[in-house]
1. Given +1 on the Cβ of Lys and Arg, -1 on the Cβ of Asp and Glu, and no further charges, what dipole in debye does region 52-113 carry about its Cα centre, rounded to the nearest 20?
2. Starting from the Cα coordinates of region 30-110, work out the convex hull volume and express it per residue in Å³.
3. I'd like the chymotrypsin sites (Phe, Trp or Tyr not before Pro) in region 24-92 restricted to DSSP loop residues with at most 13 other Cβ atoms within 10 Å, sorted by number.
4. Any lysines with Cα under 17 Å of the LYS50 Cα? List them, leaving off those in the same chain fewer than 8 positions away.
5. Net charge near GLU81, counting Lys/Arg +1 and Asp/Glu -1 over other residues with Cβ under 14 Å of its Cβ?
6. In whole percent, what relative contact order does region 62-113 give with Cα contacts below 8 Å and a gap of six or more residues?
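No value in this document is a laboratory result; all are computed from the given coordinates. All figures in this text were calculated on a predicted structure; none of them were measured in a lab. Every residue, glycine among them, receives a Cβ derived from its backbone with ideal geometry; neighbour counts consider all protein chains shown.
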Amino acid sequence: MKKLQILAALLVMLTTTSLIANTDPKPETASAQLRQQVVKLLGTPDFELKENSLNSEIHFMVTAQGSIVVLDVETQDQAIENYIKSRLNYKQAKVAIAGNRFFNLSYKIVKEL
């Protein structure tokens, strides 16, 4: 009888441990979803880069109506700034954001070899 109780307790512990292990500890946040959408909207640029890689910082906001508004693009290349603004400005965000929120996104373009 004692062996049966120990076996039952062991079975309960194994079952609850496996259930806890299957839960996702960090669900995807709205910021992460928005970042994925912005990367998808930017796509792959179709112009030649002078350097092997180009880094830029994009400052934008998402309005209460869900519209993306680019505020500033920190880059040395005017063509990159125009490309980013033309791809993102006034596009609809598919992520629910309450009110106007500001975001910063690091963007890196790597030259294909």
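1. Numbers: 7 positive and 6 negative charges, 65 e Å.
My answer is approximately 300 debye.
2. Working: hull volume 6.4 nm³, N = 81.
With only Cα atoms used, region 30-110 gives 79 Å³ per residue.
3. Working: sites: PHE47, PHE60, TYR83, TYR90; in loops: PHE47, TYR90.
Answer by residue number: PHE47, TYR90.
4. LYS108, LYS111
5. Working: positive: LYS85, ARG87; negative: GLU57, ASP72, GLU74, ASP77.
For residues surrounding GLU81, the net value is -2.
6. Details: 44 pairs, mean separation 24.9, N = 52.
Contact order relative to length: 48 percent.
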